[in-house]
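Novice: One structure, pasted below without further comment.
The values are calculated or read from the model by the stated rules, or taken from the named source; none is laboratory data. Computed from a prediction, not measured in an experiment: that's the story for all the values here. Ideal geometry is used to build each Cβ from the backbone, glycine not excepted, and the neighbour counts take in all protein chains shown. Keep in mind that these areas ignore ligands, DNA and RNA; they rest on the heavy atoms of the full protein, side chains included. Shrake-Rupley method; radii C 1.70, N 1.55, O 1.52, S 1.80 Å.
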Amino acid sequence: SVSLKILRSWKILDFTVTRQKIVITNVEPTLYPVKAGNICLVTIAMFDFWVSDLFDETMKDLAKKHCVKYIFDVRNNPGWGLNEVARMLNYFVPTEAPVVTVKTKLHSQSILSENTKYTKLLDKVVRVLVNGWSASASEIFAWVVREYIPNALLVGTKTYGKWSVQDLI
């Protein structure tokens, strides 16, 4: 345990907190049964390392659950890995179509969809939940889904508006 003294509104408050590992599940599915099947909510907390693998496992599992509607929640998602979100968007973008194009002063590079997972969501109702803290890769996710899936809608408030990417060197 750790004892903390915090100054708040000119008063000193004492807190004792216990250190422990915090585990954040970056992809969390939830099923809501309806007459025709299930509404499948997929909450994506961050586009962290290996999140595309978790997303792929989740989508394969949900395919067996008779989902009639998919809701992808990227609210409060700060984004992060461009390559991770590009792999996840294979479910929404036809093979060889551009997932995202990164433009710099010197050149332009498109990341193309790699496979045919795309057809599995074409006949589904798809919604993407966004808010003012949906940034970077979550904005890319939301925009690309809306562009490529005919029944997709974005629901919520205006996103953060970053619309840029950075590279780790």
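Novice: Could you tell me which residue of the range 1-26 is most open to solvent (accessible area, probe 1.4 Å), considering only residues that are touching a strand residue (DSSP E or B) at 6+ places or on another chain (Cβ under 6 Å) and among the hydrophobic types (A, V, I, L, M, F, W, C)?
Specialist: Among them, the one singled out is 12.
Novice: Next up: Does the range 96-112 contain at least one residue that is surrounded by 22 or more Cβ atoms within 10 Å (Cβ to Cβ) and either modelled with pLDDT of 95 or more or in a loop (DSSP other than H, G, I, E, B) (or both)?
Specialist: There is no residue in the range 96-112 that is surrounded by 22 or more Cβ atoms within 10 Å (Cβ to Cβ) and either modelled with pLDDT of 95 or more or in a loop (DSSP other than H, G, I, E, B) (or both).
Novice: Another one. I'd like the full set of residues that are part of a strand (DSSP E or B), closer than 21 Å to residue 114 by Cβ and either open to solvent by 20 Å² or more (accessible area, probe 1.4 Å) or at pLDDT below 95 (or both), limited to the range 60-89. Break it down into steps so the answer makes sense when it comes.
Specialist: Let us first name the residues in the range 60-89 that are part of a strand (DSSP E or B), namely 67-73, 80.
This time we only want the ones that are closer than 21 Å to residue 114 by Cβ, so: 70, 72, 80.
Once the filter is applied, which keeps residues that are part of a strand (DSSP E or B), closer than 21 Å to residue 114 by Cβ and either open to solvent by 20 Å² or more (accessible area, probe 1.4 Å) or at pLDDT below 95 (or both), the range 60-89 yields only 80.
Novice: Still on this model: Hey, among the residues in the range 17-29 that are over 18 Å from residue 130 (Cβ atoms) and part of a strand (DSSP E or B), which one's modelled with the lowest pLDDT?
Specialist: 17
Novice: Also, quick follow-up: Can you name the condition, by its number, that residue 53 falls short on among (1) in a loop (DSSP other than H, G, I, E, B); (2) farther than 27 Å from residue 33 by Cβ; (3) not aliphatic (A, V, I, L, M)?
Specialist: Here residue 53 clears every test but (1).
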